[in-house]
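The values are calculated or read from the model by the stated rules, or taken from the named source; none is laboratory data. Computed from a prediction, not measured in an experiment: that's the story for all the values here. A quick note on method: Cβ atoms are made from the backbone with ideal geometry, for glycine too, and the neighbour counts reach across all protein chains shown.
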Amino acid sequence: MIPSVLPTYNRAPLSFVKGEGSWLFEADGRRFLDLGAGIAVNALGHANPELASTLKAQADTLWHVSNLYNIPQQQELADRLVAATFADTVFFTNSGTESCELAVKMARKYWYDKGQPERTTIITFDGSFHGRSSAGIAAAGSEKMTKGFAPLLPGFRHLKFGDHDALKEAMKAPDVAAILIEPVQGEGGIRPLPEVCLKGIRAVCDETGALMMLDEVQCGVGRTGKLFAHEWAGVTPDVMMVAKGIGGGFPLGAVLATEEAASGMTAGTHGSTYGGNPLGCAVGNKVMQIVSDPAFLDGVNAKANRFRQGLEALVDQHPTVFESVRGLGLMIGIKCKALNTDVVKAGYDAGILTVPAGDNVLRLLPALNIPDEDITESLARLEQAATALEQKS
């Protein structure tokens with residue numbers, strides 16, 4: 001008999017009833033150190049008092065009016081994002097998946113309005129993840145994402161990650177509208193795209209006119225130690241998808257774009273009932289106010305360095321469990337020799353929460369403001385999990 005909640009998740013046998021900073025509390029009273037942060041969502045930790053106060057104040061005033069009317073909180077957040085980034089304009093969504101849908105529409109409408117409606121193909125890369133909508137799974141293209149859901153949305157061309165020659169050849173096709181890529185792949189195994197590659201993509205887009213579209217749903221909003229990951233390479237995209245951390249736990253996403261890239265999206269071409277509502281944008285404004293502070297981002301990099309050093313030592317101490325450390329900022333991956341899902345389960349027994357990813361990688365995505373003492377405790381609990389695995393083998 002099917003359960004009342006559609007069984008599409010392989011859930012861990014844990015039920016959390018309270019969160020505080022980097023900690024989650026199980027219904028039975030156990031405390032877990034959370035290095036997943038709701039898959040990079042709780043950027044400022046659980047029950048952050050500043051975010052909670054902001055949300056409560058807005059909830060006492062106005063929740064929802066729809067986009068039939070001007071929303072002051074939305075305008076404020078759009079202005080804040082435009083001032084802090086390459087973008088000239090912003091559309092607000094509720095999730096990364098919705099952001100992907102708009103990015104795809106924006107690229108195709110751009111070329112339609114330019115009188116080149118044949119330019120509909122979007123180039124994507126293996127190991128990518130762009131959500132679970134029809135466009136998102138077609139963009140990723142992997143069998144894991146697409147099996148059983150044919151016919152797939154057409155108009156995507158998939159290339160091998162890091163194959164520069166294949167990209168240059170593919171860009172010669174007259175139907176290419178855009179390139180869509182994550183500066184750091186999350187689901188694909190914490191694979192940062194080298195800065196030279198991002199610069200090369202920008203160059204080839206400039207040569208062909210194709211739009212450079214970045215998926216920063218997981219790697220954006222301070223996660224890598226810059227406000228957005230592409231800033232490390234010193235390039236600017238034409239379109240960028242954002243979600244997860246921007247709401248600090250409240251469902252919120254956005255698509256940022258230049259005036260040129262967004263030129264086809266006129267009144268009536270897109271919409272969202274909930275996107276950019278007063279509640280979400282009030283929280284998003286507070287998140288951006290905190291995370292965009294250069295001193296805060298310096299702190300993220302300092303914490304990342306501290307974490308990285310400890311993890312490198314952990315890999316050296318447990319060579320049968322771990323292989324290497326990779327990532328950028330507080331978007332960290334540990335390549336495992338043991339099965340990564342076994343490491344995750346061993347972590348449950350040690351009171352620590354991590355997230356598996358592709359390429360047998362363990363994802364660590366802690367709150368960006370994780371205290372140093374919690375980093376120390378994280379390393380101790382990962383050590384405990386690794387030791388337990390070694391004793392079983």
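For the structure I just gave you, tell me whether residue 216 is buried (at least 24 other Cβ atoms within 10 Å of the Cβ), touching an Asp or Glu at 6+ places or on another chain (Cβ under 7 Å), in the same structural domain as residue 161 (by TED's automatic domain parsing) and closer than 30 Å to residue 336 by Cβ.
The answer is no for residue 216.
Quick one: which residue in 391, 384 is at pLDDT below 95 and of a type in the set (S, T, N, Q)?
The conditions single out 391.
Determine whether the stretch 78-87 contains at least one residue that is over 22 Å from residue 273 (Cα atoms) and either among the hydroxyl-bearing types (Ser, Thr, Tyr) or over 23 Å from the mean Cα position of the chain (by Cα) (or both).
yes
To keep it simple, each residue is scored yes or no on (1) touching a Phe, Trp or Tyr at 6+ places or on another chain (Cβ under 9 Å); (2) under 19 Å from residue 205 (Cβ atoms); (3) not in a loop (DSSP other than H, G, I, E, B).
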position: 91; (1), (2), (3): no, no, yes
position: 136; (1), (2), (3): yes, no, yes
position: 148; (1), (2), (3): no, no, no
position: 154; (1), (2), (3): no, no, no
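Find the residue count for the stretch 1-47, including only residues that are among the polar types (S, T, N, Q), touching a strand residue (DSSP E or B) at 6+ places or on another chain (Cβ under 9 Å) and either in the same structural domain as residue 244 (by TED's automatic domain parsing) or surrounded by fewer than 21 Cβ atoms within 10 Å (Cβ to Cβ) (or both).
The total comes to 1.
For the stretch 203-220, enumerate the residues that are out of contact with any strand residue (DSSP E or B) (no Cβ under 9 Å at 6 or more places or on another chain) and charged (D, E, K, R).
Matches in the stretch 203-220: 207 only.
Could you tell me which residue of the stretch 127-145 is surrounded by the fewest Cβ atoms within 10 Å (Cβ to Cβ), considering only residues that are in contact (Cβ under 8 Å) with a residue 40 or more places away in the chain and either among the polar types (S, T, N, Q) or touching a Lys or Arg at 6+ places or on another chain (Cβ under 8 Å) (or both)?
Among them, the one singled out is 127.
Only one residue in 375, 370, 332, 352 is touching a residue at least 60 places away in the same chain (Cβ under 8 Å), touching a Leu at 6+ places or on another chain (Cβ under 6 Å) and within 17 Å of residue 302 (Cβ to Cβ). Which one?
One residue alone meets the criteria, 332.
Looking at residue 313, is it under 30 Å from residue 375 (Cα atoms) and either out of contact with any helix residue (DSSP H, G or I) (no Cβ under 6 Å at 6 or more places or on another chain) or not β-branched (Val, Ile, Thr) (or both)?
Answer is yes for this residue.
Mind checking whether some residue in the stretch 108-131 is among the hydroxyl-bearing types (Ser, Thr, Tyr), part of a helix (DSSP H, G or I) and within 30 Å of residue 361 (Cα to Cα)?
no
Of all residues in the stretch 208-252, which are part of a loop (DSSP other than H, G, I, E, B) and polar (S, T, N, Q)?
Within the stretch 208-252, 218, 224, 236 qualify.
Which of (1) surrounded by fewer than 13 Cβ atoms within 10 Å (Cβ to Cβ); (2) in contact with a Ser or Thr (Cβ under 9 Å, 6 or more places away or on another chain); (3) not in a loop (DSSP other than H, G, I, E, B) is the odd one out, the single condition residue 57 does not satisfy?
Unmet condition: (2).
Considering each of 50, 76, 98 in turn, give the residue that is in a helix (DSSP H, G or I) and crowded, with 19+ Cβ neighbours inside 10 Å.
Of the residues listed, the single one that is in a helix (DSSP H, G or I) and crowded, with 19+ Cβ neighbours inside 10 Å is 98.
For the stretch 269-375, which strands (runs of 3 or more DSSP E) that fit wholly inside it have 1 or more residues that are surrounded by fewer than 16 Cβ atoms within 10 Å (Cβ to Cβ)?
322-328
Can you spot a residue in the stretch 288-308 that is of a type in the set (A, V, I, L, M, F, W, C), in contact with a strand residue (DSSP E or B) (Cβ under 7 Å, 6 or more places away or on another chain) and within 23 Å of residue 102 (Cα to Cα)?
Within the stretch 288-308 (the criterion being of a type in the set (A, V, I, L, M, F, W, C), in contact with a strand residue (DSSP E or B) (Cβ under 7 Å, 6 or more places away or on another chain) and within 23 Å of residue 102 (Cα to Cα)), the answer is no, since none of the residues qualifies.
Any residue at all in the stretch 146-156 that's touching a residue at least 12 places away in the same chain (Cβ under 8 Å) and of a type outside the set (A, V, I, L, M, F, W, C)?
So far as the stretch 146-156 goes, yes, one or more of its residues are touching a residue at least 12 places away in the same chain (Cβ under 8 Å) and of a type outside the set (A, V, I, L, M, F, W, C).
Scan the stretch 170-187 for residues that are of a type outside the set (Gly, Ala, Ser) and buried (at least 16 other Cβ atoms within 10 Å of the Cβ) and jot them down.
Of everything in the stretch 170-187, those that are of a type outside the set (Gly, Ala, Ser) and buried (at least 16 other Cβ atoms within 10 Å of the Cβ) turn out to be 171, 176, 179, 180, 181, 182, 183, 184, 185, 187.
Tell me the residue from 53, 4, 95 that is in contact with a Leu (Cβ under 9 Å, 6 or more places away or on another chain) and polar (S, T, N, Q), please.
Testing whether each residue is in contact with a Leu (Cβ under 9 Å, 6 or more places away or on another chain) and polar (S, T, N, Q) leaves just 95.
Looking only at residues that are modelled with pLDDT under 95 and not charged (D, E, K, R) in the stretch 154-169, which one is surrounded by the most Cβ atoms within 10 Å (Cβ to Cβ)?
Here the answer is 167.
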